[in-house]
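Q: Below: one structure in structure tokens.
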Amino acid sequence: MITDINLDIIKNEKNFKDLFVNASFSTLSLNCNILKGNFFSDSFYYFPITTNNQTFSSLYLRDFNNLSHYYTKKFYDNFNGKKKSLKSFKDVFLLGSNSGNNYYSNLLHFLPRIFFNRQTKIKIAIHRNSSNKYREFLKAILNSLEIEYNFVFLDDDFYSFHNSEFPQFMSINDSIKILKNFFNPKTNPENSKKIYVTREDSSYRKIINEGDIVTHLRENGYRVINPQLYEIEEQIEIFFNAERIISPHGSNLANIIFCKPGTEIFEITPPFTDEEKIFDQRYSKLSMLNNLKYNKIVADTIDVEKHSLLAKKYIHPNVLSKSNYYKNLILKIQDLKKII
């Protein structure tokens, strides 16, 4: 069966301690444990399994994952029967990226770990679904760090990695510290102080009556921002310069980590269910960590006519039918007028 090794054992027992190298982010006194050697991992949970069937959930658990299935007999029997035939990679830095190209997860879960790489020339494994925009962003970071690189692209599968490195996942708080330490956006008087972030090109949580909403916002000095039209560095600068941000719930709100303290955030959300608490608290938590003034506006929901291919691929049909996360929104004009 698969065995989970806790952090105390990793730190204190030599045979486990030797599986890891420790890298530091010296200017912040942060450390990262990097699994080095031979191991297996999938490209969804990114949860490493050693050749001795051991795992390390204290280092590789992200904020929404349920990893209990890794410790069932069904998983063990299936994994044991297939692991000798898995596609393998050698000499890879397993950075990974979200299988659905979710910006929040790419920015706060995956990306910060690249700053603990200690090599000047690496092969970086990321998911094939990552967007060109995210790849260009990662390339710019690697170039600024003077690291030679090429990409290895992962599909939805389990893989075998040899002589490779797999950095642990950092806490959200530490990830924010790393990103804000590296990025230094400039004050730009041409950027608007009041912005509305549209999700017009998104599959879910679009404001159905956005035409009416935008009319009122523009009359009150708001600039409408569609993140799809901006490179990630440009998005960071826009959020840094804003003083008031109104946006439907969505991953581009991860950019609020670059806002100045005191910036007002107005998040338009669906009425999340109890099972969706992780989404309900996501941006209020980021606001708290960054000393922002957070406000929530709960909008009415409306079913989408057609679910996205990615949602149908990764999300169970029962979840799609019941979840308010996978719906669109209608915002009452009177609720908008209260805040503008």
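The values are calculated or read from the model by the stated rules, or taken from the named source; none is laboratory data. Because the structure is predicted, anything quoted here is derived from the model rather than measured. Heads up, the Cβs are rebuilt from the backbone with ideal geometry, glycines too, and the neighbour counts pull from every protein chain shown.
Q: So, of the residues in the stretch 148-191 that are surrounded by 18 or more Cβ atoms within 10 Å (Cβ to Cβ) and in a loop (DSSP other than H, G, I, E, B), which turns out to be modelled with the lowest pLDDT?
A: Across the stretch 148-191, the extreme among qualifying residues is N191.
Q: Would you confirm, using the coordinates I've provided, whether E276 is closer than 24 Å to S99 by Cα and of a type in the set (D, E, K, R)?
A: yes
Q: Quick check on T187: is it touching a residue at least 40 places away in the same chain (Cβ under 8 Å) and of a type in the set (S, T, N, Q)?
A: Working: touching a residue at least 40 places away in the same chain (Cβ under 8 Å): yes; of a type in the set (S, T, N, Q): yes.
Yes: the conditions hold for T187.
Q: Among D91, D77, which is over 30 Å from F279 (Cβ atoms), modelled with pLDDT of 95 or more, among the charged types (D, E, K, R) and in the same structural domain as K121 (by TED's automatic domain parsing)?
A: D91
Q: Which of the numbered conditions does E267 fail, given that it passes all the others? Conditions: (1) under 30 Å from D18 (Cβ atoms); (2) surrounded by 15 or more Cβ atoms within 10 Å (Cβ to Cβ).
A: Here E267 meets the rest and fails (1).
Q: Which count do you get for residues in the stretch 198-227 that are in a helix (DSSP H, G or I), of a type outside the set (V, I, T) and under 22 Å from D303 (Cα atoms)?
A: First pass over the stretch 198-227, keeping only residues in a helix (DSSP H, G or I): 210-219, 227.
With of a type outside the set (V, I, T) added as a condition, the list becomes 210-212, 216-219, 227.
Now narrow it down to the ones that are under 22 Å from D303 (Cα atoms): 210-212.
Counting residues in the stretch 198-227 that are in a helix (DSSP H, G or I), of a type outside the set (V, I, T) and under 22 Å from D303 (Cα atoms) gives 3.
Q: To continue, here is another question. Do the conditions hold for I195, that is, is it crowded, with 20+ Cβ neighbours inside 10 Å, of a type in the set (V, I, T), over 18 Å from the mean Cα position of the chain (by Cα) and within 30 Å of E243 (Cβ to Cβ)?
A: When the stated conditions are applied, I195 passes them.
Q: In the stretch 148-199, what count of residues is obtained for those that are among the aromatic types (F, W, Y) and under 24 Å from L229 (Cα atoms)?
A: So the first thing to find is which residues in the stretch 148-199 are among the aromatic types (F, W, Y), and the list is 149, 151, 153, 158-159, 161, 166, 169, 182-183, 196.
Next cut, under 24 Å from L229 (Cα atoms) only: 182-183, 196.
Qualifying residue count, the stretch 148-199: 3.
Q: For the stretch 24-39, how many residues meet the condition of being in a strand (DSSP E or B), over 22 Å from the mean Cα position of the chain (by Cα) and of a type outside the set (D, E, K, R)?
A: 3
Q: Please pick out the residue among S287, S251 that is at pLDDT 95 or above, under 18 Å from the mean Cα position of the chain (by Cα) and over 26 Å from S308 (Cβ atoms).
A: S287
Table: residues versus (1) among the polar types (S, T, N, Q); (2) crowded, with 23+ Cβ neighbours inside 10 Å; (3) in contact with a Leu (Cβ under 6 Å, 6 or more places away or on another chain).
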residue	(1), (2), (3)
I207	no, no, yes
R223	no, no, no
N226	yes, no, no
E243	no, no, no
G262	no, no, no
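Okay, residues lined up against (1) closer than 17 Å to G96 by Cβ; (2) touching a Gly at 6+ places or on another chain (Cβ under 8 Å); (3) of a type in the set (D, E):
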position	(1), (2), (3)
D4	no, no, yes
D18	no, no, yes
F25	no, no, no
L28	no, no, no
F44	yes, no, no
F47	yes, no, no
S58	no, no, no
R62	yes, no, no
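Q: Conditions: (1) in contact with a strand residue (DSSP E or B) (Cβ under 9 Å, 6 or more places away or on another chain); (2) in contact (Cβ under 8 Å) with a residue 40 or more places away in the chain; (3) under 18 Å from Q168 (Cα atoms); (4) surrounded by fewer than 16 Cβ atoms within 10 Å (Cβ to Cβ). S88 meets all but one. Number of the miss?
A: That leaves (3) as the condition not met.
Q: If you take the residues in the stretch 1-23 that are of a type outside the set (S, T, N, Q) and in a helix (DSSP H, G or I), which one is nearest to D174 (Cα to Cα)? Break it down into steps so the answer makes sense when it comes.
A: Step one: list which residues in the stretch 1-23 are of a type outside the set (S, T, N, Q), which gives 1-2, 4-5, 7-11, 13-14, 16-21, 23.
Checking the rest, the ones that are also in a helix (DSSP H, G or I) come to 7-11, 14, 16-17.
Values: L7: 18, D8: 20, I9: 23, I10: 21, K11: 20, K14: 27, F16: 24, K17: 22 Å.
Among residues in the stretch 1-23 that are of a type outside the set (S, T, N, Q) and in a helix (DSSP H, G or I), the one nearest to D174 (Cα to Cα) is L7.
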